[in-house]
1. Condition check: under 30 Å from LYS776 (Cβ atoms), out of contact with any Gly (no Cβ under 7 Å at 6 or more places or on another chain) and touching a residue at least 60 places away in the same chain (Cβ under 8 Å). Does PHE566 satisfy that?
2. Could you tell me which numbered condition ILE392 fails, if it satisfies all but one of (1) surrounded by fewer than 12 Cβ atoms within 10 Å (Cβ to Cβ); (2) in a helix (DSSP H, G or I)?
3. Kindly list the number of the only condition in (1) surrounded by fewer than 18 Cβ atoms within 10 Å (Cβ to Cβ); (2) modelled with pLDDT of 90 or more that fails for VAL443.
4. For segment 285-298, give me the residue count where each residue is crowded, with 17+ Cβ neighbours inside 10 Å and within 27 Å of GLU79 (Cβ to Cβ).
5. If we scan segment 355-362, do we find a residue that is crowded, with 17+ Cβ neighbours inside 10 Å and in contact with a His (Cβ under 9 Å, 6 or more places away or on another chain)?
6. Can you name the residue in segment 157-184 that is out of contact with any strand residue (DSSP E or B) (no Cβ under 8 Å at 6 or more places or on another chain) and under 25 Å from LEU482 (Cβ atoms) and is also least open to solvent (accessible area, probe 1.4 Å) among such residues?
7. For segment 419-459, which residues satisfy the criterion of being assigned to a loop (DSSP other than H, G, I, E, B) and farther than 22 Å from ILE388 by Cβ?
8. Only residues in segment 213-228 that are aliphatic (A, V, I, L, M) count as the first member; pair them with residues that are in a strand (DSSP E or B) and open to solvent by 30 Å² or more (accessible area, probe 1.4 Å), Cβ under 9 angstrom, at least 6 apart or cross-chain, and list the lot.
Amino acid sequence: MAKRTVPLVLLLLVMYGVCVPASAQVCRLLAKPALPLLSTQKDINIGAIFSFHRSALLKMHPFTSEPEPTTCISFNLREFKFAQTLMFAIEEINNNTQLLPGVSLGYKIYDSCSSIALTILSGMWINEFKKWKKNVDILCIFFLQISHFATCACLSNRNIYPSFFRTIPSDYYQSRALAQLVKHFGWTWVGMVRSRSDYGNNGIAAFEEAAKQEGICIEYSEAIFKTDPQDQFLKTVEVIKKGTARVVLAFIALGDFVPLLKVISQHNITGIQWVGSESWITSRTLAETKEYRFLSGAVGFAIANAKLVGLREFLVNVHPDQEPNNELLKEFWETAFQCSFSNNGSGGCTGSERLAELQNEYTDVSELRIANKVYTAVYAIAHTLHNILKDIQSSTKKIMDLSYQVLEYIGVVKFTIKTGEEIFFDASGDPVARYDLVNWQPVQDGSLQFKNVGFYDSSLPSEQHLQVNQEHVLWAGDSGQLPVSVCSESCPPGTRKAVQKGRPVCCYDCIPCGEGEISNGTDSSDCFPCDLEYWSNESKDRCVLKVIEFLSYTEIMGMVLCIFSFIGVLLTTILSFLFYLHKETPIVRANNSELSFLLLFSLTLCFLCSLTFIGQPTEWSCMLRHTAFGITFVLCISCILGKTIVVLMAFKATLPGSNVMKWFGPLQQQLSVVFLTLIQMIICVLWLTISPPFPYMNLSYYRERIILECNVGSALGFWAVLGYTGLLSILCFVLAFLARKLPDNFNEAKFITFSMLIFCAVWLTFIPAYVSSPGKFTVAVEIFAILASSFGLLFCIFSPKFQDGC
């Protein structure tokens, strides 16, 4: 394979876009040659940009009055460690005969000094843009960019950033993971603090969208930046103090969080359950600062940790003597050992210091979360190049522009690194989102340690994305119990939520369910009606069978009606017995003993038929009660009608020349009773044949009870039976009324008149009472009418006979 030095770019800092407006400051800086701080030339060179310094001193340009970076200050050990991790990965690859055989990788590493202008400038020089002129308006970066630390979800837009890839998950996934975490712990009322930057704004925007889907409400959202005045931090602290949310999500950059923490510690705010983003949740600086112990119990997602075998040995082998002219190595040594090569006294650096004996952020390999992403990015480039060169070699293609080849191949690259993690990119250039769930727990020396209590993995099924070992979590506060952060307490079963006007949906009142409605879960939004045959229990959390109501023999009302029915039967039986004993006496013979005995028999049946109305309605009892009632009463009225006609006929027979009695003798009287009763029987047979009465559960009269009653079936048949009985009663009443003043010592017409008056009054009153009475009282009214009319007939017709007999 022909060797050729090809510059590629592995951009390992925050990217600001593919095409960015070029300020005059950048164009001027492009004209100045810049050298990489760490470099080695090989077959293929990988460029990288790190913030070796936290800031840059600025000076004003004399002509444009624009600030320009001059000197970088405040050496950053962590970023230097990232650069060494890149070099470690490249050395591994170069020593690997299976990956890029015959091709060696080099590197060119620049320092951005945390400056946007220097970041863009470094990118230009990495790609050897040496012919740019000062009048350039747009800088377009067409080479591959891979970030180990840029998490903004905005960078997933392929229309704007087609050449951008990253080995760290997008904040889109972290925001959704945080929303699921908050929901998992039952926190529906949270406060938020964010960085006033793309990181904080986009992260919180994604969280708010996911939180809305999870039913989480946000009490407040405060934005801060490290350069804000003290008043802004004080305002944010006051909002946190006055808020009712006991959980605060801090989606904030570490540099922005530290000034806020200082103010919080001064105000002694405790009892807050902090939920953190990956930016600060594994910060050793915060964890080892005793003033920040109020962060104990904090939980949050950190980039998944990894163990890189051999990295520590590589790190501690760095020494300024390896490149005597490299000022960056000297500055690193001075920062690591807090000494100076320019000082020959007690504070001077001798070069004999040993990194292996040093315990600091640089030598600590227990937290390689971000360093592993640098390591992974280098291997992604290596595997992509390996695939490209393999295809070119096998197809005898010439290398034209390797930068564009990389963009095509890296999108489909898939490999496994030595940590066991499978690496690939999705269509947006993002990797699989894997996070460790970290919990801050105190240790004996007063500091805090990070303990993994779960994880989030977007490659798993959606219901398994979040896994939490909740029993291992140590919570904020003195109680050590899971904090409760809700705007309103959960509504218990039997109630529903009613959102308070003008407040978020998480703020609500608990309204008891109405009658016949239930809610069988907590925080129900609605109450649900029970089925027709069911009703809500007292607590409104369960539907139970409705009480089935009917007039039974065991209740007081049923017992009383039964007693009166039996009394009526007993009295009728006694009268029948007395009549039988005195059947030869003139008073019995004069009152038509045959019809009198038949009348007493029918009255007995009337008293007994009332019993069929008591008890649980069945198919047979429903048919029996109405037909028995109709037939027995018609039999009774027919007997009374016969007695009334006999009285009239007897009076007519006393007139000179009258022979009327021979036409209405005992046989004719009995046949008339049979004929009139037969008509009622025919009506009942037709009724039972066409549409008979049947048991019916009345669900409409009472909502909470079922009235078990007899439906009359055919309303025409029911009213025909009552109408025929009423017609005979009226006829009997009219005839008795006409015969009431006949001059006869044994005239009973006036007593029949009075009895029929009572009978008609009872049944005329019965109709509206029957229609308006609820439930089992309808049956009671009907029984009362039967008993009242029967007793009226019994006493009004037969009691005067015993008085006269006595």
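The values are calculated or read from the model by the stated rules, or taken from the named source; none is laboratory data. What you are looking at is a predicted structure, and each value in this text was computed from that prediction instead of being measured. No Cβ is skipped: glycine too gets one built from the backbone with ideal geometry, and neighbour counts run over all protein chains shown. Calculation scope for accessible area: heavy atoms of the full protein, side chains included, ligands and nucleic acids excluded. Shrake-Rupley method; radii C 1.70, N 1.55, O 1.52, S 1.80 Å.
1. Numbers: under 30 Å from LYS776 (Cβ atoms): yes; out of contact with any Gly (no Cβ under 7 Å at 6 or more places or on another chain): yes; touching a residue at least 60 places away in the same chain (Cβ under 8 Å): no.
Here the answer is no, as PHE566 does not meet what is asked.
2. Failed condition: (1).
3. (2)
4. Applying the first criterion (crowded, with 17+ Cβ neighbours inside 10 Å) to segment 285-298 yields 286-287, 289, 292, 294-298.
With within 27 Å of GLU79 (Cβ to Cβ) added as a condition, the list becomes 286-287, 289, 292, 295, 298.
So the answer is 6.
5. Step one: of segment 355-362, the residues crowded, with 17+ Cβ neighbours inside 10 Å are 355, 362.
From what is left, the residues that are in contact with a His (Cβ under 9 Å, 6 or more places away or on another chain) are 355.
Yes; the residues of segment 355-362 include at least one that is crowded, with 17+ Cβ neighbours inside 10 Å and in contact with a His (Cβ under 9 Å, 6 or more places away or on another chain).
6. Selected residue: ALA179.
7. Of the residues in segment 419-459, the ones assigned to a loop (DSSP other than H, G, I, E, B) are 419-421, 425-433, 443-447, 458-459.
Of everything in segment 419-459, those that are assigned to a loop (DSSP other than H, G, I, E, B) and farther than 22 Å from ILE388 by Cβ turn out to be THR419, GLY420, GLU421, VAL432, ALA433, VAL443, GLN444, ASP445, GLY446, SER447, SER458, SER459.
8. Final answer for the pair search is ALA223/ARG194; ILE224/ARG194.
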